[in-house]
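Okay, so here's the structure we're looking at.
The numbers here are math on the coordinates, done by the rules we state, and not lab data. Bear in mind that the values here come from a model prediction, so they are computed numbers and not experimental data. Reconstructed Cβ throughout: ideal geometry from the backbone, glycine too, with neighbour counts over all protein chains shown.
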Amino acid sequence: MNFLKNLFKHPGRATVIAVPFLWLTFAFLIPFLIVLRISFTDLDSGDGSPFGTLMTVVDGVVTLKVKIANYLYIAQDELYAITYLNSIKFAAITAALCLAIGYPFAYFMARAKPAIRPVLLMLVMMPFWTSFLLRIYAWKGILANNGILNSFLIDIGMISEPLHLMNTKFSLIIGMVYAYLPFMILPLYANLVKMDVRFIEAAADLGATPWQTFWRVTVPLSKSGIIAGTMLVFIPAVGEYVIPELLGGPETLMIGRQLWDEFFTNNDWPLASSVTVVVILLILVPMAIFNKYQAEQEARK
């Protein structure tokens, strides 16, 4: 109640809070509730509704019909378990590689001269000026059997015949790391550029080597940037569809492709909605637990 009273006392603050709150409600919460509703209905109830009816009123009696068969089917079908695990595995590998590649680059940007930092930022954001689809298609031309990379390796004598690089786990991971690397670099840079260099100087004065200073001072102080970058990469990578479709090949099982098949090939919207809900829960529940743990850790300090 005190929170609401403070908002009404400061209408400007209330407006600033209300605008993004309403946007999140209409753009995310309401669509999720619609998908959740569809997941509990029949594909065709015979009443003209394409997704069935969740609640009916007959002679003043309200009947709630909730179908959980889709969730039971997902829990029992081995295909979905493998698909979920593959999606989490590839997303985790992508996040780890983006962190390994992006952290040194973000650190270099943060320690560069202020005059050249905007140029480095522009280089990181430049891929966003081109269509995402075109950038992924470019990797098909690079990794194909007669593509740029194989032609170069044959010309310099490293290989005698083309390597099979396309439609493999290698091409999938390369494409995902390339696509999501800027999402790791930007939050890391924002964190590192604000870091107080006096901590680093103090560690050096106390006899710490540059490597010890990096692990014991720089990395702990940049933990929030690491977490933010990892979340920004991991969450969209779990549900990625375009990259597995174009670079992963038909044998690559990821939840984004499975969702596409259920929605548009099998035309089973209730089952596809159930898969979507499970994906969201698999992402949000660990995040909520981790955020709670982080809040408890901060409260103890």
Place a point 7 Å from Cα of Lys140 in the direction of its Cβ. Which residues in region 240-258 have their backbone N less than 13 Å from it? 242-250
Sort the following peptides by mean Cβ neighbour count (other Cβ atoms within 10 Å, averaged over residues), highest first: 175-181, 85-91. 175-181, 85-91
Could you sort 276-284, 29-37, 216-224 so that the peptide with the highest average Cβ count within 10 Å comes first and the rest follow in order? 276-284, 216-224, 29-37
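When you count, for each residue, the other Cβ atoms within 10 Å and take the mean per peptide, how do 133-146, 227-240, 95-108 rank with the highest first? Intermediate values should be presented prior to the final figure.
Details: 133-146: 14.4, 227-240: 20.2, 95-108: 18.6.
Descending mean neighbour count gives 227-240, 95-108, 133-146.
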Counting Lys and Arg as +1 and Asp and Glu as -1, each charge on the Cβ, what is the dipole of region 77-267 about the Cα centre in debye, to the nearest 20? 820
Once you have the Cα-Cα distance between Phe26 and Trp215, take 0.36 nm times their residue separation minus that, and quote the gain in nm to one decimal. 63.8 nm
Yeah, region 66-175 with a ≥ b ≥ c from its alpha-carbon gyration tensor (a/c under 1.5 is rounded, else prolate when a/b outruns b/c, oblate otherwise) is oblate
Charge sum, other residues only, whose C-beta stays under 14 Å from Met125's C-beta, Lys/Arg counted +1 and Asp/Glu -1: +2
Return the Rg/Rh ratio of region 216-283 with Cα-based radii and a Kirkwood Rh. 1.17
In whole angstrom, the spacing between the Cα centers of region 238-293 and region 83-124 equals 24
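Quick one: pull the percentage of alpha-carbon pairs in region 77-267 with a separation above 23 Å. Kindly include the intermediate steps, with their values, before the conclusion.
Working: 9917 of 18145 pairs.
Distances greater than 23 Å cover 55 percent of the Cα pairs.
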